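The values are calculated or read from the model by the stated rules, or taken from the named source; none is laboratory data. On a predicted model such as this, the values are computed, not experimentally measured, just so you know. Here the Cβ positions follow ideal geometry from the backbone for every residue, glycine too, while neighbour counts run over all protein chains shown. Keep in mind that these areas ignore ligands, DNA and RNA; they rest on the heavy atoms of the full protein, side chains included. Shrake-Rupley method; radii C 1.70, N 1.55, O 1.52, S 1.80 Å.
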Amino acid sequence: MRFKILILGLAVVAFAVSIFAVSAQQPGDDEVRGAFLSSRPKTTNNNAPSRRHRPRHTNSNNNTSSGAATNANANTAATNTNTAHNKNSSKNEAQAIGLGYTLFMKSANGRGVRVEPSREFHNGDSVRLALEPNVDGYLYIFDAENEGAPQMIYPDPRLDAGDNSVEAHVPIEIPSSEETDERLRWFTFYGNSGSEHLYVVVTREPINGVPTGDDLVGFCATQKDKCPWHPPTDVWAQVQDATKAEVKVITGRTFGQPQSDKEKVATTRGLGLDQSAPPPSVIRMNVSTKAPVLVTLLDLVHK
């Protein structure tokens, strides 16, 4: 299966959630849903600056093939260490990592409509994914086609200069509806049917050995034939191990409803979703509050 490449390897065009079995000892649906939604602010701060204009964080833990660190990189690393420490406040660490996501499909009038992640998609269908973490941290997305080697499709050097920091309940859409070229605003199915797998990773701290920010920009500028970046065995083992964590999955009943104005404004302006905004279609949350990583495995179905 192949998808139209929109932004340097962002080639994903359909999403279907993999539901994990959970034990009776895990929190109930209402408890998980309440824990996720209650951590949203009560009201939206309309004076908050757009996320894209906020200071960009650089990963200080990278050991990549992009070259030896310069003095400037060392200074940036020191700054990032303090930033990461401040991001992970006691309140942030007390919460289990959660991720809410909604899959929107482009309707005939061009508006995004909620669709079930488990549906099958066909050539010509266009989709967009909205992601909402419940903690401050970092976001990574890896794509593995069939049984092939995984590649990192987010962060991307052309999106926020490779920045992958995220803020609690500030939604991120992939791809962005603000792209100047309308063709880049949606993922569109094309080609033969097949199977792909997405690993959406939310972490409290940057993953060691994964290039982001300036490192990723430099890597892709000097080694274009190796970009998108492919994780080495030890890094990929960390991601795979994290998929074994106990996770609770909650699925809503809002499919068929269009994206609300509040959701659209929050996404395009980089504002936090407040408690009056619609809930995401799917909420996934670690059972343990001490788990440092949440991995959401999405099966991609194209018929």
Query raised in the report: Considering only the other residues whose Cβ falls under 13 Å of the Cβ of PRO278, what net charge follows from Lys and Arg at +1 and Asp and Glu at -1?
Result: +2
Requested in this report: Amide H neighbours of ASP136 under 5 Å, at least 5 residues apart or on other chains, H built in the peptide plane: list them.
Outcome: ALA168
Query raised in the report: Which loop-located GluC sites (Glu not before Pro) does the range 124-199 contain, where loop means any DSSP state but H, G, I, E or B and the Cβ has at most 11 other Cβ atoms within 10 Å?
Result: GLU147
Query - Low-density loop cleavage sites - trypsin sites (Lys or Arg not before Pro) in the range 208-254, where at most 13 other Cβ are within 10 Å (DSSP) - result: LYS244, ARG253
Requested in this report: State in Å² the accessible area per residue of the range 176-228; use a 1.4 Å probe, count heavy atoms of protein chains only, and round to the nearest integer.
Outcome: 45 Å²
Query raised in the report: Which value results for Rg/Rh of the range 158-235 when Rg is the Cα radius of gyration and Rh the Kirkwood radius based on the inverse mean 1/r?
Result: 0.97
Report task. For the range 190-235, just say rounded, prolate or oblate: build the C-alpha gyration tensor, square-root its eigenvalues into a ≥ b ≥ c, call rounded for a/c under 1.5, and beyond that prolate if a/b exceeds b/c, oblate if not. Result -> oblate
Requested in this report: Just check the range 254-303 against the gyration tensor rule for me: Cα atoms, a ≥ b ≥ c as the square roots of the eigenvalues, rounded for a/c under 1.5, and otherwise prolate or oblate depending on whether a/b exceeds b/c.
Outcome: oblate
**Report entry** Percent of C-alpha pairs per 10 Å bin, the range 168-303, short to long
**Finding:** 9, 27, 41, 22, 2
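What number results when the radius of gyration of the range 203-276, computed over Cα atoms, is divided by 2.2 N^0.38 Å?
Taking the Cα Rg and dividing by 2.2 N^0.38 Å, one obtains 1.63.
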Requested in this report: Under 14 Å from the Cβ of THR243, count the other residues' Cβ atoms, weight Lys and Arg +1, Asp and Glu -1, and hand me the total.
Outcome: -1
**Report entry** Which listed pairs, of LYS42/LYS248; LYS244/LYS290; LYS42/LYS262; LYS106/LYS224, have C-alpha distances above 20 Å, in listed order
**Finding:** LYS42/LYS248; LYS106/LYS224
